[in-house]
Amino acid sequence: MFAAINIVQCAIIIRERSGIQFTDEEKELHETLFKNFAPFEFMKLMRIGEWRTAKPGQVLTTEGQPLAEVMLIYDGRLGVENNGKEVAQLQDGNFIGEVS
């Protein structure tokens, strides 16, 4: 029984770690921001995430409002406003909604 469990676990690990194919965008993210993740761990993260494109001028979050998700800027820039004035610029690789 013990040997069978170990064999199954080994098969799961081998399956997770082999044959992983990244898109160009995923490869870039893995090699830059997520380089400490094993490829199979990174792919688990990518499966629960969703690629979205924001429109110019679109409001992504409002100060003081709870956020149900964390967003990562892959390509582009956005402004952070406070009382109608821009106080910061975020760009590629910055997260939105993280707790600092």
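Values quoted throughout were computed directly from the atomic coordinates according to the rules given, and no laboratory measurement underlies them. Since this is a predicted model, take the numbers as computed values, not measurements. Methodologically, a virtual Cβ is constructed for each residue, glycine included, from the backbone with ideal geometry; neighbour enumeration extends over all protein chains shown.
Report the net charge of residues surrounding residue 74, where surrounding means a beta-carbon distance below 9 angstrom and charges are Lys +1, Arg +1, Asp -1, Glu -1.
Numbers: positive: none; negative: 25, 28, 75, 92.
Within the 9 Å Cβ shell, the charges total -4.
Assuming R0 = 41 Å, can you tell me the calculated FRET efficiency for the pair residue 58 and residue 36, based on Cβ-Cβ distance, to the nearest 0.05?
Numbers: r = 31 Å, r/R0 = 0.76.
Computed FRET efficiency for residue 58 and residue 36: 0.85.
Hey, what's the per residue convex hull volume over the C-alpha atoms of the chain, in cubic angstrom?
Values: hull volume 14.3 nm³, N = 100.
Per residue, the Cα convex hull of the chain comes to 143 Å³.
At residue 90 and residue 65, where each label point lies 7 Å from the Cα along Cα→Cβ, what is the point-to-point distance in nanometres?
It is 1.4 nm.
Counting Lys and Arg as +1 and Asp and Glu as -1, each charge on the Cβ, what is the dipole of the chain about the Cα centre in debye, to the nearest 20? Write out the running numbers ahead of the final one.
Values: 10 positive and 15 negative charges, 64 e Å.
It comes to approximately 300 debye.
Gain in length, residue 48 to residue 77, computed as 0.36 nm per residue apart minus the alpha-carbon separation, to one decimal in nm?
Numbers: separation 29, 0.36 × 29 = 10.44 nm, distance 2.37 nm.
Extending this stretch completely gives an extra 8.1 nm.
P(r) of the range 51-100 in 5 Å steps, Cα pairs, percent per bin?
5, 18, 32, 30, 14, 1
Please give the net charge around residue 22, taking every other residue with its beta carbon less than 11 angstrom from that of residue 22, where Lys and Arg add +1 and Asp and Glu add -1. Don't jump to the answer; show the numbers that get you there.
Numbers: positive: 27; negative: 24, 25, 26, 28, 31.
Surrounding charge for residue 22 is -4.
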